[in-house]
1. Looking at (1) of a type in the set (A, V, I, L, M); (2) at pLDDT 95 or above; (3) under 23 Å from N289 (Cα atoms), find the lone condition where A191 falls short.
2. Pick from L334, L330: which is of a type in the set (A, V, I, L, M), modelled with pLDDT of 95 or more, assigned to a helix (DSSP H, G or I) and open to solvent by 60 Å² or more (accessible area, probe 1.4 Å)?
3. Given the criteria surrounded by fewer than 24 Cβ atoms within 10 Å (Cβ to Cβ) and at pLDDT 95 or above, does A303 qualify?
4. In this structure, is R156 among the basic types (K, R) and touching a Phe, Trp or Tyr at 6+ places or on another chain (Cβ under 8 Å)?
5. Within the range 368-421, restricting attention to residues that are part of a loop (DSSP other than H, G, I, E, B) and small (G, A, S), which residue is modelled with the lowest pLDDT?
6. Taking the condition acidic (D, E), without any contact (Cβ under 8 Å) to a residue 40 or more places away in the chain and open to solvent by 20 Å² or more (accessible area, probe 1.4 Å), does E414 pass?
7. Which residues, counting only those in the range 440-478, are touching a Gly at 6+ places or on another chain (Cβ under 7 Å) and among the small types (G, A, S)?
8. Every residue in the range 357-373 that is within 28 Å of the chain's Cα centre (by Cα) and open to solvent by 10 Å² or more (accessible area, probe 1.4 Å), please.
Amino acid sequence: MRLCLHKLTFGAPSIVTGPSGTRTEHSFIPDAVDDPAPGHYSKRSSWRRRLRMGETMHKADWRARVWRGVAVLVLLVGVLLAAGLCVADTPHDSPVSGAANSTLSDQAFWSRFQFGFTLVYHYLFPQLTMGLGWFLVYWKWRALKTGDEKYNQAVRFWAKIFGLNFAVGVVTGIPMEFQFGTNWAGFSRYAGGVIGQTLAMEGMFAFFLESAFVGALIWGEKQLGPRYHFVAAVGVALGSWLSGFFILVTNAFMQHPVGYQVDSDGLLGIASLRAYLLNPWAWVQFAHNQMAALVTGSFVITAVGAFYTLRRLHPTQAQLYLRAGTLVGLIASLLVAFPTGDQQAKMVGHHQPVTLAAMEGKFVGGPRAGVALIGQPNVEARRLDNPIEVPGALSYLAYGTFQSYVHGLEEYPESAWPDNIELLYYSFHLMITLGTMFILLMAYATFQNWRGRLESSSWLLWKLMLAFPLPYIANTVGWMTAELGRQPWLIYGIFHTRDGYSKVVTSGDTIFTLIGFVGLYFVLGLLFLYLVAREIGHGPEEELILNPGADRGEMVVRPTEEHFA
């Protein structure tokens, strides 16, 4: 039966009466109406509205976007390869010479290169899931408390992004587990009795908790109901953070080993599980890492909100993303710097003083040591060229007083120095620079939001939209700082990196599998970018609410921008 059109206004939703007498509010699409009332919206005005709302997308635009995505991915893979190469820099005490032909045949180098590449690529995804999890919990809680459907819309939309990141994170994380046995058999045999405990806990407790609830979060809203759907969001957030905790306990043992014993066979075992899990380094590192993950999540949410605002799409959701993202981004950026970053620096100063000296290019020790704002480490000349320093800042950050003595690299044998001092220095300072930029950008955006001018400031919205890759870079160079600073040790002070790689695996085998990883991850990255772009293009779902005439069984569908496409 033909539908009868009752309203033809964009200002209020139009109501359509169907054959059963129920009325459904619908947006007006001129081309789809059989008998449009004269004097209302013409095809020309409808076309202008579509253009203004940015919903018209030509094939050429899609092709251009695809090529831009491919270019970005190629650049990303190149950066990851460079990062892996840098992390895999041959140790000073390696029996292999530093010549180019010797490096290419050095299995230690290629094992480090491969693990560095796969690790950097993998961590692009968990940092966003850890950063998004508590946003989903908060929005779901607000939906329960207020009944406002916009919060449920946000949860539905971002749960899909979360699910995509989780899936790719799982796929890219599995090869890293196998590399412990294939490329690092010596390390696994020596320390497996310790690190195997937390790796197993991560799989049994955290991963299964997160994977069990993520499906319920994405697809189970109707079946679970509002309250149990909120429980699913909490389970996903807890699982992602618990997974991060167990992984960081493992890494903290490599940075500051505690709670272990040397068994009769010469291998490591657990002496105190409590001491191992409560490693002070682990808790400081966990707090610092999770705040950095929140920064990533905040910047991504803010970027999507800025994108929708600039294109005049989904105004309610865009405003929600901007306000939540900028506020949490500011708080998390401050917490990354203090107290978590401050405590991390003090940990390094007390337990890895040679690492601290290398991070700041400090070759000569002394009191009132400064933090270099600008400078280039000259390892051959044993100095920092063209330095501009803040006097006493390093002494205070590392030891709590401006008069504290900071050890220099010359006080330690060169065999104890980190492998690549230049890269370690620049990674650390780039992380600090980006962290400072995050605080300033989010502080200004929060201030503009407080003034009610954020959505109208196009230049600021562009900056917020384009800034989303920066936390990924900051997290990457932060982890490079931690891992390069620990060298030449796999377990600091106990087990050298040169003793950990698999001697029976040749460099040719590792290069072959590395080429396979690069090709596979390239295709996987293209698929991931396409799926995420498609979800962002679709946007949040339309809002379903009851009409004031709900007692008569009427249902209203608030028109969203998709109706005009």
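1. (3)
2. L334
3. Yes; evaluated as a whole, the condition is true for this residue.
4. no
5. G400
6. no
7. A474, the sole residue that qualifies.
8. Selection gives M359, V371, L373.
The values are calculated or read from the model by the stated rules, or taken from the named source; none is laboratory data. Everything quoted here is computed from the prediction, not taken from an experiment. Heads up, the Cβs are rebuilt from the backbone with ideal geometry, glycines too, and the neighbour counts pull from every protein chain shown. SASA here: full protein model, heavy atoms, side chains in, ligands and nucleic acids out. Shrake-Rupley method; radii C 1.70, N 1.55, O 1.52, S 1.80 Å.
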